[in-house]
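The values are calculated or read from the model by the stated rules, or taken from the named source; none is laboratory data. What you are looking at is a predicted structure, and each value in this text was computed from that prediction instead of being measured. Methodologically, a virtual Cβ is constructed for each residue, glycine included, from the backbone with ideal geometry; neighbour enumeration extends over all protein chains shown.
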Amino acid sequence: MIQIVAAALIWLLVVCLLPGIRVRRDHSVLTAAITISVAMTLNIDQVYVGIDSLLGSRNFADLLANVCMVVGIYFLSRAIIRAATPDGTVGKRDRAGLILLAVMIVGLTASFNAIVTQGSSTRFMVDYGDQWPAALYSSVQFVYIGYVVTVTGVTCFRFRGGMLRPYFRTAFTCIGVGCSFAVVIVLLVLVMDILHLQGNLDAMRSVSPTYDAAVVAAMTFLCVGLAIPPTARRVLRRRESVTEEELISGLTKIWEKTAKKRQDVRLVRDTVVISQQDRAQRLHRMLVEVQDALLVEPGLGGSLDIHDLNVLNAVEIYLAGAFVRQPSVRRGKGSGRYDG
């Protein structure tokens with residue numbers, strides 16, 4: 001059951017990220033989420049047995065799931081750190097990290113090949129965790145994951161205060177908490193590996209419920225944290241669209257009174273071109289034309305009532321705020337985003 005819950009959470013994150021795939025320049029979070037989703041899905045018993053049977057019933061599905069997990073964790077960590085840190089150098093190619101990842105995968109594969117197994121097992125570490133190669137197989141993976149999520153969590157907590165928008169601060173806080181629970185998972189796995197090697201199965205089983213709860217908590221906080229920015233952006237964009245439509249409607253009436261018939265202040269002669277522009281650009285262009293018309297012919301101001309003046313003021317305030325609404329999530333240099 002725990003595997004199904006974890007897989008469902010990460011697939012929900014993928015669903016949240018998919019709507020922005022066309023406009024998002026960086027797809028690293030989506031790619032990482034899909035990779036981790038595959039890993040979590042392979043841990044579901046029915047899926048595991050079916051896939052492993054296609055691979056010769058030698059538990060290669062377990063190795064595939066673990067490799068997908070560490071690869072996904074690495075690229076997810078890089079995306080989060082790149083978004084959180086104010087140092088643009090983080091965006092450069094991480095050769096050391098890639099080399100460490102490659103070495104870890106080689107070690108994971110070597111230790112797996114040394115494990116003596118008998119057919120597919122949906123409880124791989126429970127059945128074979130008493131073997132030293134199996135303990136090494138588990139430890140290599142989780143020590144690496146522990147290192148990566150620790151660095152990621154520390155980075156999130158360190159730089160969350162510099163985020164410009166509240167929802168980004170909330171998102172990075174959730175990710176940091178999720179990384180903290182992930183570290184707890186790593187420690188619990190290492191404890192269970194040691195207890196299994198010692199043959200203390202009762203103590204190992206007593207740790208298992210805490211491990212299950214930590215997995216759900218970690219996945220929940222991480223998925224919520226990663227889903228907040230793209231979801232918040234879509235909600236805010238819808239609100240902005242409604243506001244822009246209202247402002248355009250009001251400003252159009254003023255534009256028709258002032259700038260429509262004055263070709264000398266028109267920035268674009270064809271009104272069809274104006275209507276096809278982005279709403280914010282259209283607002284800006286119409287406002288400039290209205291202001292130019294009033295400057296050239298001050299008498300036009302007499303045709304504006306108090307409502308018209310309020311509309312002009314509202315448009316100016318909105319467009320001034322547009323300069324603050326930047327794609328970056330924090331102050332400083334760097335990519336500043338992980339959700340596109």
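State whether the residues of segment 153-160 include one that is touching a strand residue (DSSP E or B) at 6+ places or on another chain (Cβ under 7 Å), part of a helix (DSSP H, G or I) and closer than 25 Å to A218 by Cβ. First the steps, then the outcome.
Kept after step one, since they are touching a strand residue (DSSP E or B) at 6+ places or on another chain (Cβ under 7 Å), are these residues of segment 153-160: 159.
Applying the additional criterion that residues be part of a helix (DSSP H, G or I) yields 159.
Next cut, closer than 25 Å to A218 by Cβ only: 159.
Looking for residues that are touching a strand residue (DSSP E or B) at 6+ places or on another chain (Cβ under 7 Å), part of a helix (DSSP H, G or I) and closer than 25 Å to A218 by Cβ, one finds at least one in segment 153-160, hence yes.
In this entry, L236 is excluded by the filter for residues that are of a type in the set (A, V, I, L, M) and either more than 20 Å from the chain's Cα centre (by Cα) or at pLDDT 90 or above (or both).
M104 meets all of the listed conditions (1) modelled with pLDDT under 90; (2) in a helix (DSSP H, G or I); (3) touching a helix residue (DSSP H, G or I) at 6+ places or on another chain (Cβ under 8 Å); (4) of a type outside the set (S, T, N, Q) but one, namely (1). Scanning segment 241-271 for residues that are modelled with pLDDT of 65 or more, within 42 Å of the chain's Cα centre (by Cα) and of a type in the set (S, T, Y) yields a total of 4.
The set of residues in segment 43-72 being within 24 Å of the chain's Cα centre (by Cα), under 20 Å from S111 (Cα atoms) and assigned to a helix (DSSP H, G or I) consists of L64, A65, N66, V67, C68, M69, V70, V71.
Restricting attention to segment 15-29, does a residue exist that is small (G, A, S) and at pLDDT 85 or above? No - not one qualifying residue is present in segment 15-29. Determine whether D193 is touching a Ser or Thr at 6+ places or on another chain (Cβ under 6 Å) and part of a helix (DSSP H, G or I). Answer is yes for this residue.
Just to be sure before I move on: is S249 under 30 Å from I306 (Cα atoms), free of Cβ contacts under 8 Å to residues at least 12 places away in the same chain and of a type in the set (S, T, N, Q) in the structure I sent? First the steps, then the outcome.
Details: under 30 Å from I306 (Cα atoms): yes; free of Cβ contacts under 8 Å to residues at least 12 places away in the same chain: yes; of a type in the set (S, T, N, Q): yes.
Judged against the criteria, S249 is a match.
Matching residues to (1) touching a Gly at 6+ places or on another chain (Cβ under 7 Å); (2) surrounded by fewer than 14 Cβ atoms within 10 Å (Cβ to Cβ); (3) more than 16 Å from L9 (Cβ to Cβ):
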{"position": "I175", "(1), (2), (3)": "yes, no, no"}
{"position": "G178", "(1), (2), (3)": "yes, no, no"}
{"position": "F181", "(1), (2), (3)": "no, no, no"}
{"position": "I185", "(1), (2), (3)": "no, no, no"}
{"position": "V189", "(1), (2), (3)": "no, no, yes"}
{"position": "D193", "(1), (2), (3)": "yes, no, yes"}
{"position": "Q198", "(1), (2), (3)": "no, yes, yes"}
{"position": "D212", "(1), (2), (3)": "no, no, no"}
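Here D212, D202 are screened, and the one residue that is assigned to a helix (DSSP H, G or I) and in contact (Cβ under 8 Å) with a residue 40 or more places away in the chain is D212.
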